[in-house]
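Remarks on the structure that follows.
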Amino acid sequence: MTTQVLQKRSEIPNNQKWDLSALFSSHDDWEKERQALEEDVQKVSAYKGKLNESAEQLFGCITAYEAYLERLIRVSTYASLRLSTDGSDSGCQRDAAKVAALTAKINAQLTFIETELLDIPKERFEQFKQDEPQLNNYQKMLNDILKKKPYTLTPEVEETLAALEEVHQAPYMIYSRSKSSDMVFDPIQDGTGKEIPMSAALYEEKYEISEDTTVRRNAYDSYIKTLNQYKHTYAATYATEVTKQVTLAKLRGYDSVTEMLLQPQEVTLEMYENQLDIIQSELAPHMRRYAKLKKEKLGLEDIRYCDLKAPLDPDYNPKTTYDEAKETILEALKVMGPEYHNIMKEGFTNGWVDRSNNIGKATGAFCSSPYGAHPYILLTWTDTMESAFTLAHELGHAGHFYLAQKNHSLFNTRPSTYFVEAPSTMNELLLGNYLLEKAGDNKQLKRWVITQLLGTYYHNFITHLLEGEYQRRVYDLAEKGTPLTADVLSTQKKEAIQAFWGDEVVIDDGAGLIWMRQPHYYMGLYPYTYSAGLTVSTAVAHKIKEKGEPAVNGWLDVLKAGGTLSPLELIKKVGIDMTKPDAIKTAVQYVGSLVDELEKSYE
């Protein structure tokens with residue numbers, strides 16, 4: 001039997017690919033700009049040794065640096081986007097390597113900016129702001145730098161560390177390059193015995209949520225078999241990343257690596273631990289009920305880890321084409337008002353989305369929003385409502401940064417990662433609420449929509465939160481000096497999953513290898529922030545449902561604020577205090593109510 005083969009990138013129709021011409025009209029133009037950046041860094045480095053001289057010099061340096069970074073971001077984004085769509089292409093690999101080397105070189109040349117800023121006495125700095133009022137536009141950015149003062153090393157050491165940036169990024173580069181280019185999976189058989197192709201993207205976007213138990217389990221076995229072949233290499237790669245972070249934390253004088261990684265998020269240890277502890281302890285009983293319900297309704301002798309994302313009602317799992325999803329998402333987001341709605345329409349018509357499935361394409365989904373160009377969204381479309389929710393999620397990021405960039409210069413656009421997943425998960429909830437309203441009294445349709453909503457909470461409150469729990473365990477072991485071997489890493493992952501699901505779900509040893517699936521572990525303490533974002537969006541979505549336009553306008557104001565406020569200040573603008581556990585508990589209770597509705601629907 002012939003197995004369907006994934007297409008090459010060159011064979012993908014243009015309407016399934018994003019349009020990079022908003023960044024550069026041609027590869028030659030990109031190369032010219034990359035080379036120009038090497039020369040033009042002198043326009044910024046010319047200020048070295050002068051920031052303490054006058055307000056004029058300080059302001060001149062900041063604005064020159066900001067303008068230069070805008071150009072560097074476009075060059076870097078162009079290369080990274082091309083690599084993400086075909087990591088097997090040697091040309092894309094070459095360009096990414098060029099950018100990595102350029103960035104390391106530039107960072108080393110420009111470390112003087114932070115070190116000289118930190119040397120300016122507070123009184124003199126205040127005088128500079130009076131002499132040049134426009135410096136106040138950069139107050140948040142300057143304050144963030146000043147907070148690093150107790151942990152900043154000598155200028156020479158900082159310059160050396162910056163020069164090694166390419167080496168510091170090597171673990172993530174090795175992981176992502178290998179995952180997109182080297183991993184090959186055995187084809188699988190479906191329930192009829194037909195052989196079908198298998199890839200990481202197909203597993204993560206299609207087979208894992210298949211109504212066919214044979215497909216789900218066979219795909220999982222193929223997936224785990226390949227992960228197992230790479231576990232020692234990836235363990236060494238990830239252990240290097242962890243060692244790097246732990247070492248940097250010690251060098252800089254932080255009490256722990258967690259303290260270092262939370263500082264740029266402007267999050268307290270208590271807020272971080274609230275997300276991890278409250279959700280794990282209070283959500284687990286609700287989700288175990290959900291797993292038990294799935295086991296019963298799917299007629300499974302036991303429910304395994306690989307069955308958790310199976311559709312609850314296999315006979316009612318309607319396919320959703322890309323064009324149908326587009327119309328549904330646009331209708332659902334009309335509640336956000338015309339300004340936001342028009343941004344969403346632009347995203348569908350102006351080459352923002354890359355939805356193909358081709359050889360070498362990165363798995364998962366993301367939104368990249370380079371300053372001065374439109375956002376770019378990557379996903380692998382699979383004609384499922386899960387893909388529609390993923391697309392809505394990434395459009396939430398796109399809308400957020402579109403508005404932030406429209407209202408601020410580069411240094412004031414990006415908020416803390418603690419907040420950044422709130423606008424994305426908000427779109428998922430608005431889509432879910434819209435579909436629930438459309439379902440009306442149709443019990444089967446309503447049940448299906450609830451399971452889609454629960455998918456959002458599963459992704460953010462379980463998948464990513466357990467990644468956060470896993471990170472907490474791994475960093476704790478690393479700081480105690482425990483070697484992070486493949487067996488240690490896999491044991492910790494399995495134990496974290498087992499602790500959440502208890503005896504309700506069969507957790508096999510293969511589940512312990514799932515730590516190899518995600519790139520988030522190379523991005524600091526990012527995974528747990530998904531749960532923080534969804535906690536916020538759950539509260540705001542309820543406000544929008546209750547209060548309508550005033551709540552929408554308040555939310556749009558938060559999106560437009562960009563990075564001008566701390567995450568707590570941003571969230572307080574919509575009446576939520578994340579220093580207390582109340583919002584987390586309310587969100588968990590809402591998930592419990594969704595499970596209650598599902599159970600009642602079968603009575």
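Qualifying trypsin sites (Lys or Arg not before Pro) in the range 1-107, where qualification requires a DSSP coil assignment and no more than 13 other C-beta atoms within 10 Å, comprise Lys8.
Over 32 Å between C-alpha atoms is what I'm after, so list which of Lys148/Lys480; Lys147/Lys580; Lys309/Lys572; Lys225/Lys297; Lys547/Lys600 land there.
Details: Lys148/Lys480 25 Å; Lys147/Lys580 24 Å; Lys309/Lys572 34 Å; Lys225/Lys297 29 Å; Lys547/Lys600 28 Å.
Check vs 32 Å cut-off fails for Lys309/Lys572.
Quick check for me: using +1 on Lys/Arg Cβ and -1 on Asp/Glu Cβ, what's the dipole size of the chain about its Cα centre, in debye to the nearest 20?
On the way: 67 positive and 87 negative charges, 20 e Å.
Once rounded to the nearest 20, the dipole reads 100 debye.
A simple rule links phi to the HN-Hα coupling: the Karplus curve 6.51 cos²θ - 1.76 cosθ + 1.60 with θ = phi - 60°, which for the range 337-351 gives x, x, 4, 5, 4, 5, 5, 4, 4, 4, x, 7, 10, 10, x Hz, with x for Gly and Pro. Identify, among Thr328, Ala362, Trp352, the residue whose Cα sits farthest towards the positive end of the charge dipole of the range 317-371, taking +1 on the Cβ of Lys and Arg and -1 on the Cβ of Asp and Glu, with the dipole about the Cα centre. Farthest towards the positive end: Ala362.
For n ≥ 4 DSSP H runs only, could you compute -39500 (n - 2.57) per run for the chain, divide by its residues and tell me the 222 nm figure to the nearest 500? Don't skip to the end; give the middle numbers.
Details: 26 runs with 375 residues, N = 603.
About -20000 deg cm²/dmol.
Under 5 Å from the amide H of Asn358 lies no amide H of any residue 5 or more positions distant or on a separate chain, with H modelled from the backbone and absent for Pro and chain starts. Rolling a 1.4 Å probe across the protein heavy atoms gives the range 443-505 an accessible surface of 35 Å² per residue.
Can you pull out the trypsin sites (Lys or Arg not before Pro) in the range 397-503 whose DSSP state is coil and whose Cβ has at most 11 other Cβ atoms within 10 Å?
On the way: sites: Lys406, Lys438, Lys443, Lys446, Arg447, Arg472, Arg473, Lys480, Lys493, Lys494; in loops: Lys480.
Filter output for the range 397-503: Lys480.
Distance from a point 7 Å along Cα→Cβ of Lys573 to each backbone N in the range 519-551: keep the residues under 16 Å and list them by number. Those under the cut-off are 536-537, 540-541, 550-551. For the range 150-186 versus the range 440-477, the inter-centroid distance based on Cα atoms is 30 Å. Helix 27-40 and the longest principal axis of the Cα set of the chain meet at an angle near 40°. If one takes the longest principal axis of the Cα atoms in the chain, at what angle in degrees, from 0 to 90 and to the nearest 10, does the Cα axis of helix 422-439 lie? For 422-439 against the chain, the angle is about 30 degrees. Both numbers refer to the Cα atoms of the range 1-149; Rg and Dmax are 20.7, 77 Å.
Only protein heavy atoms count here; on that basis, with a 1.4 Å probe, Ser531 has an accessible area of about 0 Å². With protein chains left intact and a 1.4 Å probe, residues in the range 275-406 average 35 Å² of accessible area per residue.
Distances between placed amide hydrogens fall under 5 Å for Ile188 paired with Ile196, Met198, all partners being 5 or more residues away or on another chain. Evaluated with a Cβ-only charge set (Lys, Arg +1; Asp, Glu -1), the range 82-139 carries a dipole of roughly 260 debye about its Cα centre, given to the nearest 20. With the dipole of the range 59-216 worked out from charges on the C-beta (+1 for Lys and Arg, -1 for Asp and Glu) around the Cα centre, which of Gly91, Thr213, Thr152 lies farthest toward the positive end? About the Cα centre, the residue reaching furthest to the positive side is Thr152.
Relative to one another, the C-alpha centroids of the range 279-295 and the range 1-65 are positioned 46 Å apart. Considering only protein heavy atoms and a 1.4 Å probe, what is the carbon-and-sulfur percentage of the accessible area of the chain? Roughly 49 percent of what the probe reaches on the chain is carbon or sulfur. Of the beta bridges in the chain, as assigned by DSSP with both residues counted there, near 55 percent are antiparallel.
Determine the sum of side-chain charges near Tyr371: Lys and Arg each +1, Asp and Glu each -1, restricted to other residues whose C-beta is under 14 angstrom from that of Tyr371. Intermediate values should be presented prior to the final figure.
Numbers: positive: Arg71, Arg74, Lys406, Arg414; negative: Glu66, Glu70.
So the surrounding residues net to +2.
Return the loop-located trypsin sites (Lys or Arg not before Pro) in the range 293-381 (DSSP other than H, G, I, E, B) with at most 13 other Cβ atoms within 10 Å of their own Cβ; answer none if there are none. Here the sparse-neighbourhood loop sites are Lys319. Look at the dipole of the range 451-603 built from charges on Cβ: of Tyr528, Ala587, Trp555, the Cα furthest out on the positive end belongs to Trp555. Under 1.5 on a/c is rounded, so check that first for the range 411-464, then, if it is not, pick prolate when a/b is larger than b/c and oblate when it is not; a ≥ b ≥ c are the square roots of the alpha carbon gyration tensor eigenvalues. Taking the square roots of the gyration eigenvalues as a ≥ b ≥ c, the range 411-464 is oblate.
The values are calculated or read from the model by the stated rules, or taken from the named source; none is laboratory data. This is a predicted model, so every value here is computed, not measured. Note: ideal-geometry Cβ built from the backbone for every residue, glycine included; neighbour counts use all protein chains shown. Surface accessibility is based on the protein's heavy atoms, side chains included, excluding ligands, DNA and RNA. Shrake-Rupley method; radii C 1.70, N 1.55, O 1.52, S 1.80 Å.
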